[in-house]
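Quick notes on the structure that follows.
Just so it is clear, none of the values below were taken in a lab; they were calculated from the coordinates. Computed from a predicted structure; not experimentally measured. All Cβ positions, glycine included, derive from the backbone under ideal geometry; neighbour counts span all protein chains shown.
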Amino acid sequence: MAVGAEKLVGTLRKPREETGLWSWLTTVDHKRIGILYLATGFAFFLMGAVEALLIRLQLARPGGGVLSAQTYNQVLTMHGTTMIFLAAMPLIAGFFNYMMPILIGARDVAFPRMNALSYWLFLAGGIILNSSWFLGGAPAAGWFNYANLSGPQFSPGRGIDFYLLGLQVSGIGTLVSAINFIVTILNLRAPGMRLMDMPPFAWATLFTSAIILFALPPFTAGMILLMFDRWFGTGFFVPSAGGDVVLWQHLFWIFGHPEVYILALPAYGIISEVIPTFSRKPFFGYTSMVIALTAISGLSFLVWVHHMFTVGLGPWVNTLFAITTKAISVPTGILMFNWIATMWGGDLRFTTALHYAVGFLVVFTIGGLSGIVNATSALNPQLQDTYWVVGHFHYVAIGGVLFSLLAGLCYWWPKITGRLLDERLGRRSFWLVFIGFNLIFFPFHILGVLGMPRRIYTYAPELGLSVWNAVATAGAFVMGTGILLLAYNLVTSLVRGQPAGADPWDGRTLEWSIPSPPPVYNFARLPLVRGRDAFWLEKRSGGGTMQPAPEEEHGHAGGGHGKGGHGHAIHMPSPSYMPAVVALGLTVASYGGIFRSLLVALIGLAILAFGIFGWIFEDDSGYLLELEEDVA
Amino acid sequence: MTIGSAARPLREAVTPHRAPAPLENVKFGFWLFLASECLFFASLVGTYLALHGRSLTGPFPQDVFNIPLTTVSSFVLLTSSLTMVLAVAAIQHGDVAAMKRWLAVTAFLGLVFLGFQAYEFTEFVHEGLTLRTNVFGASFYTLTGFHGAHVAIGVIWLVTLLLHALRGGITRDKATAVEVAGLYWHFVDVVWIVIFTVVYLLEFAR
Ligand code: HEM
Ligand SMILES: [Cu+2]
């Protein structure tokens, strides 16, 4: 048996395939992991969108009968949870993974295997969460999962367990990838690139990762406490036992508000790449951008109580947090000025990507303004838990996150696939998305002021809410059509798009200096960076191409480093099964927890231990990739 | 139209080589991990404090805490930080034999601490305090239990390193592996100092 195990480890240890399913399972290449994140995130986005359509169909007319009340709660909860944790964050992670290392001139991230682990944990969490539909019912306590609605007394089924374990598993992955990106950015920048030479997107990655690092643990702790309430009958959130339901709200929103910036900062980063490129101007006010991002990251931890104005913490607390909340609009305003000033007097090219970027500016501004209204602690009791708030956060979440992600997608698509998108089709789908979006969510503000509460599954005809609800539902179909048109555009581009070439947009940053799609090692020779907007600089006043940095003698640079001397070889990390095995172990163990089966949990832990020790003892130092002599 | 950065001169003095990173990747990454662990424990300590005095039924902290006993176990754990320092210093000087010795001692002290904790928990249960008795029991066992689990993982880690070293796998150039384990061990100790102060000692100062 021992021999058998050893053989098994032996075959597992050396995954060598470069194509096919196995190569994707074992890849440690940040670009492939990025593609996995993007594809999986998009799939979850479509699921969240279908859930949104179901919600809108149910609310299209008064007394709608599409969903039962309980199903509605489940669909609503899964819509929010899916959109935030399984669509927005992974899509962002996809861009981080694919683009950020290239933008800073690195060959890979600092910990390639950990990076693969992050992806598999995210996928595992997504599967755990969504399997709840078939294995006993989805969670129904909202994406914020308030205790003690989510406690054993009011949510006796298994739904909440799926929520808790799914999010903890994917949360570990998120934390690992945050650590990975911080180390990568601070330790692996191309020779010559100072911090203040980094493209804005790299800054956004850095700050987002820092926020994740500090915001996620309180949420994890809260989920563990709730798990104990549900499994072991502790009373953390049970008032009759001396527990405290507001404690959950604190632990959740200490995470939940920074989460908004975990989603928003990458959006800012993408917009800050797209706008200068299509304005053919350098980013206006770079230093103020860095300061603004720093301020936002810090302040994001000081505002969580604005989700709890109506809890009764007292006027002083509320006022204090109203002020910190409004303070965030100052650095955000600075960024707005940066973007507008960058476009001002620029040589604008209205590509699809720039359409989405400008759409972002418009929509995000509206969302920000309605947020200021929310943050007025005297108005808040009127608006809290009405459709006003739903309108506000969708203007920010879709306006901010979705529009900028689509801007990034259209901008970087040629780099990732080597093919251009059909611009005319792209602009058409933009207009459908933009108009549909406003048709859905602008009426939400009106509905909110009219007093329509959120999280209701139906309403009476005499309330006067019918017209605007019907408009919103019609808008959902317009927007859905736009998204489908976009998907069609992507697919046809893959099949018969025009070849893009290395630098279709006359770009500024390093990714445009390498072929599309980039080779596994990104840079045949690490580029020498001689200032901000490195590639643009070389095109305008240097030799036109990036100069290679002098080869390094030694020093292990994460994803690899050039070997000195004549024969040009690049050090690459080996692929590995172990990240996927570790994630599998945690998944099985989670099902053990959900179904209260010690046996299944132990099997999961055994797989986990096998994965961890296999990982450690695999101890593979990678391989050398020989390149032709004259590539530069 | 402005050309922007093209107007700027290329920066002259560029360090051709990648400046050596001030902190190796692995150590840096691990520091970041510990930073997030700090917030995790802070949340549990915060929960303990938030629910302090809210228990409706006993036993209450004052009824069960045995300060002399916990002082001894705390002392054992602090001593293990010292022996861990000695292990790290030994490997940095290339003295593998000494490193093995100190690793063994550290792991042993960690086990002794866990033994104390097991004894303490059984005593408390005998006095009627369980996870479900009251919110003091819930938050106390959760906080100290998670700390204990961290110590246990640390012991497994040290033993793994020791076994690896016995098979000749750890030499001077692998010192980082021991240093990272050391960071973790000190972190777990520091967390205990906080817990001992906030949970045990302040109980009698209030
Ligand atoms: C694609 C079009 C979308 C439509 C039509 C839509 C529609 C809705 C509707 C009608 C609700 C119910 C509000 C309530 O009753 O409280 C809702 C809730 C929510 N949506 Fe969306 N949504 C969309 C996209 C998104 C996106 C992209 C995100 C995040 C990135 C998001 C995040 C949320 C959250 C967090 C909730 C609250 C869920 C809860 O209360 O548990 N939505 N959405
Ligand atoms: Cu907030």
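Between residue A:428 and residue B:35, with labels modelled 7 Å along Cα→Cβ, what's the label distance in nm to one decimal, could you check?
Here the modelled spin labels are 4.9 nm apart.
Residues of A:531-537, mean number of Cβ from any other protein chain within 10 Å of their own Cβ, rounded to a whole number?
4
Under a Cβ-Cβ cut-off of 15 Å, what is the net charge of the residues other than residue A:241 that fall near it, where Lys and Arg count +1 and Asp and Glu count -1?
After counting each charged neighbour, the total is +1.
Across chain A, where is the longest run that never hits GluC sites (Glu not before Pro) in a DSSP loop with at most 13 other C-beta atoms within 10 Å?
A:19-552
Residue by residue, what Karplus-based ³J(HN,Hα) values in Hz, rounded to whole numbers, does segment A:164-178 have, using 6.51, -1.76 and 1.60 with θ = phi - 60° and x for Gly and Pro?
Once θ is set to phi - 60°, the couplings for segment A:164-178 become 5, 6, x, 6, 5, 5, 5, x, 4, x, 5, 5, 4, 6, 4 Hz.
Rounded to the nearest 500 deg cm²/dmol, what is the calculated helix-only ellipticity per residue at 222 nm for the protein assembly as shown, with -39500 (n - 2.57) per DSSP H run of length n ≥ 4? Mind showing how you got there, number by number?
Values: 27 runs with 536 residues, N = 838.
Calculated mean residue ellipticity at 222 nm is -22000 deg cm²/dmol.
Using 1/(1 + (r/R0)^6) with R0 = 45 angstrom and r between the beta carbons of residue A:245 and residue B:167, what's the FRET efficiency to the nearest 0.05?
0.25
At 7 Å along Cα-to-Cβ for each site, give me the label-to-label distance between residue A:376 and residue A:288 in nm.
In this crude spin-label approximation the distance works out to 2.7 nm.
Whole-Hz ³J(HN,Hα) for each residue in segment A:516-527, computed from phi via Karplus 6.51 cos²θ - 1.76 cosθ + 1.60 with θ = phi - 60°, x for glycine and proline: what do you get?
Each residue's phi maps through the Karplus curve to give 10, x, x, x, 3, 8, 6, 10, 4, 10, 4, x Hz.
Quick test of the membrane-span-like rule: which DSSP H helices of chain B reach at least 27 Å along their long axis (C-alpha atoms) with mean Kyte hydropathy at least 1.6? Intermediate values should be presented prior to the final figure.
Working: long enough: B:25-50 (37 Å, 1.27); B:67-92 (38 Å, 1.68); B:96-126 (45 Å, 0.98); B:135-166 (46 Å, 1.50); B:175-195 (30 Å, 1.51).
Long hydrophobic helices here: B:67-92.
Calculate the spin-label point distance for residue A:597 paired with residue B:203, positioning each point 7 Å from the Cα along the beta-carbon direction, and give it in nanometres.
4.0
Cβ under 15 Å from residue B:117's Cβ, residue B:117 left aside: what net charge do those residues give with Lys, Arg +1 and Asp, Glu -1?
-3
How many partner chain Cβ atoms sit within 10 Å of a residue's Cβ in peptide A:191-198, on average, as a whole number?
3
As an exercise, use a Förster radius of 45 Å and the Cβ-Cβ distance of residue A:365 and residue B:54 to find the FRET efficiency, rounded to the nearest 0.05.
Once rounded, the FRET efficiency stands at 0.50.
Evaluate 2.2 N^0.38 Å with N set to the residue count of the protein assembly as shown, then give the Cα radius of gyration divided by it.
0.97
Across segment A:575-586, in residue order, what do the Karplus-derived ³J(HN,Hα) couplings come to in whole Hz, using 6.51 cos²θ - 1.76 cosθ + 1.60 with θ = phi - 60° and x for Gly and Pro?
Whole-Hz 3J(HN,Hα) from phi for segment A:575-586: x, 8, 7, 4, x, 5, 5, 4, 5, 4, x, 5.
Starting from the Cα of residue A:337, move 7 Å in the Cα-to-Cβ direction to define the label point; list residues of segment A:252-287 whose amide nitrogen is under 14 Å from there.
Label zone hits: A:284-287.
Please work out the Cα convex hull volume for segment B:83-141 and give it in Å³ per residue.
Cα convex hull per residue, to the nearest whole number: 73 Å³.
So which trypsin sites (Lys or Arg not before Pro) in segment A:440-497 end up in coil per DSSP with only 15 or fewer other C-beta atoms within 10 Å?
Those that pass, being in a loop and sparsely packed, are A:455.
Enter the mean number of other protein chain beta carbons within 10 Å of the beta carbon of each residue in A:208-215, as an integer.
Across the residues of A:208-215, the mean count of other-chain Cβ atoms within 10 Å is 2.
Once a ≥ b ≥ c are taken as the square roots of the eigenvalues of the Cα gyration tensor of segment A:252-300, is the result rounded (a/c under 1.5), prolate (a/b larger than b/c) or oblate (a/b not larger than b/c)?
oblate
Tell me, what is the FRET efficiency for residue A:385 and residue A:435 to the nearest 0.05, using R0 = 30 angstrom and their Cβ-Cβ distance as r?
Taking R0 as 30 Å, the efficiency between residue A:385 and residue A:435 is 0.60.
Within the protein assembly as shown, how many lysine pairs that are 8 or more places apart, or on different chains, have C-alpha atoms less than 14 Å apart?
The result is 4.
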